[in-house]
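Here the structure is laid out as structure tokens; the discussion comes afterwards.
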Amino acid sequence: MNDYATAKTIVSQGGESLSNYSSATIPTIAGYPIALNLPALLIVAAVTALLIYGIRESARTNNTIVITKLAVVVFVISFGAFMIHPTNWHPFVPTGIGGVMSGAAIVFFAFIGFDAVSTTAEETKNPQRDMPIGIIASLIICTVLYVLMAAVITGVRTYTTYFGDPAAVATAFAGYPWAQALISAGALAGITSVLLVFQLGQPRIFMAMARDGLLPQYFAKIHPKFRTPHITTIWTGIFVGGIAAVVDIGSLADLTNIGTLFAFILVCLGVVILRRTDANRPRPFRVPMSPVFPILGVIFCFLLMLSLPLETWIRFFAWLVIGLAIYFLYGVTHSKLRGGVDTGITEDQPPPLIKT
């Protein structure tokens, strides 16, 4: 019994006390410990299988997850509002505008799902009407909720309490174990929903690239029964699962942020350029106040990119070089659009259904 009690105490303490009783040595590469994150791998595998099965099933699952996440966010706002101490908001911006921009660049990870929604246009009944409404409305609602939640947790405790804390929201409710458990479940639901939307959108981007010739036609295949891009979905799942199993989420979030911000810059520039080079192209939805909004988008996205750490920029350029190598070694000579041939498969003209 004494040995059992001693072991239990050591496990509860964790840290260095536990390291002496570990049965495995974690290898390190370039200073980073390499360990297999099995739960992350299993979640990615489950999401991949779901996305192959069908868009309706994926949408229902995502709706359930989002409802759970929103319920937790509303709970944090409503329950935490009674625990706010206004003195914690003084000074209101203690680290200045630089701190605000750095925080915004990191929190941007929560917004990457909105652009991914646009990649499902082919599987939407009325994309010309539904896509803009869905993206803009959800963006406004989520932004308001995020701002309110940030106001609550910084009002409950002074901001210095959360330094280096990956679970700041749960920390704000220390003393309420049941609330911390609920918030942890909501955090898991939130990350899973972002993962699902990302893995929903990325395979369709690869599929569109393959249709144009930027990637081999192998990646443009559609499952004859489920009507989903199963090939690109499987490869995306393999890649994401492998990375998620060995890399920490913080580094991945920063790399995802800088890549998405750069993509947004290209989209904003593309809007301005296409308005001049292809003015007669059918546009079910037109960006208002062009080119003012696109130019502002370029400026703000670039400022957020500048707020990210230097090591994130290094990783970004490494991936950019890999992407450019694929383009110049393969895509540039196979692209149909570059040769003046429009494939005709766009969000405005979905492909015909294949009868099986």
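Computed from the coordinates by the stated procedures, all read-outs in this text should not be read as laboratory data. Just so you know, these numbers come straight off a predicted model, no measurement behind them. Neighbour counts are summed over all protein chains in view; Cβ atoms, including those assigned to glycine, are modelled from backbone coordinates with ideal geometry.
Each residue of the stretch 213-220 in turn: what ³J(HN,Hα) in whole Hz from Karplus with 6.51, -1.76, 1.60 and θ = phi - 60°, glycine and Pro shown as x?
With coefficients 6.51, -1.76 and 1.60, one gets x, 5, 10, x, 4, 3, 7, 9 Hz.
Quick one: 3J(HN,Hα) in Hz for the stretch 90-103, Karplus 6.51/-1.76/1.60 with θ = phi - 60°, rounded, Gly and Pro as x.
Here the 3J(HN,Hα) series is 10, x, 6, 10, x, 9, x, 5, x, x, 5, 5, 5, x Hz.
For the pair residue 176/residue 83, report the inter-label distance in nm, with labels modelled 7 Å from Cα in the Cβ direction.
Going from the residue 176 label point to the residue 83 one covers 0.5 nm.
Cut-off is 10 Å between beta-carbons; in what order do 289, 209 appear when sorted fewest neighbours first?
If I rank by nearby Cβ atoms, fewest first, I get 289, 209.
Using a 10 Å cut-off on Cβ atoms, rank the peptides 188-198, 130-140 from the highest mean neighbour count down.
Packing order, densest peptide first, comes out as 188-198, 130-140.
Neighbouring Cβ atoms within 10 Å as the yardstick, rank 141, 55 fewest first.
141, 55
Going by C-beta contacts inside 10 Å, put 57, 311 in order with the fewest on the left.
311, 57
Give me the extension gain from residue 145 to residue 336: residue separation times 0.36 nm, minus the current Cα-Cα distance, reported in nm with one decimal.
So the chain would gain 64.4 nm between residue 145 and residue 336.
Given the Cα-Cα distance of residue 57 and residue 262 and 0.36 nm per residue of separation, how much length would full extension add, in nm?
70.7 nm
Under the 0.36 nm per residue contour assumption, what length would be gained going from the current alpha-carbon distance of residue 281 and residue 129 to full extension?
Here the answer is 53.0 nm.
With N set to the residue count of the stretch 248-336, report its C-alpha Rg divided by 2.2 N^0.38 Å to two decimal places.
1.30
With a Förster radius of 45 Å, plug the Cβ-Cβ distance of residue 90 and residue 67 into 1/(1 + (r/R0)^6) and report the FRET value to the nearest 0.05.
Result of the calculation: an efficiency of 0.80.
Could you go through the stretch 295-303 in sequence order and give the Karplus-derived ³J(HN,Hα) for each residue, using 6.51 cos²θ - 1.76 cosθ + 1.60 with θ = phi - 60°, rounded to whole Hz, and x for Gly and Pro?
5, 4, x, 4, 5, 5, 5, 5, 4
Please give, to one decimal in nm, the separation of the simple spin-label points placed at residue 137 and residue 37, each 7 Å out from Cα toward the Cβ.
3.3 nm
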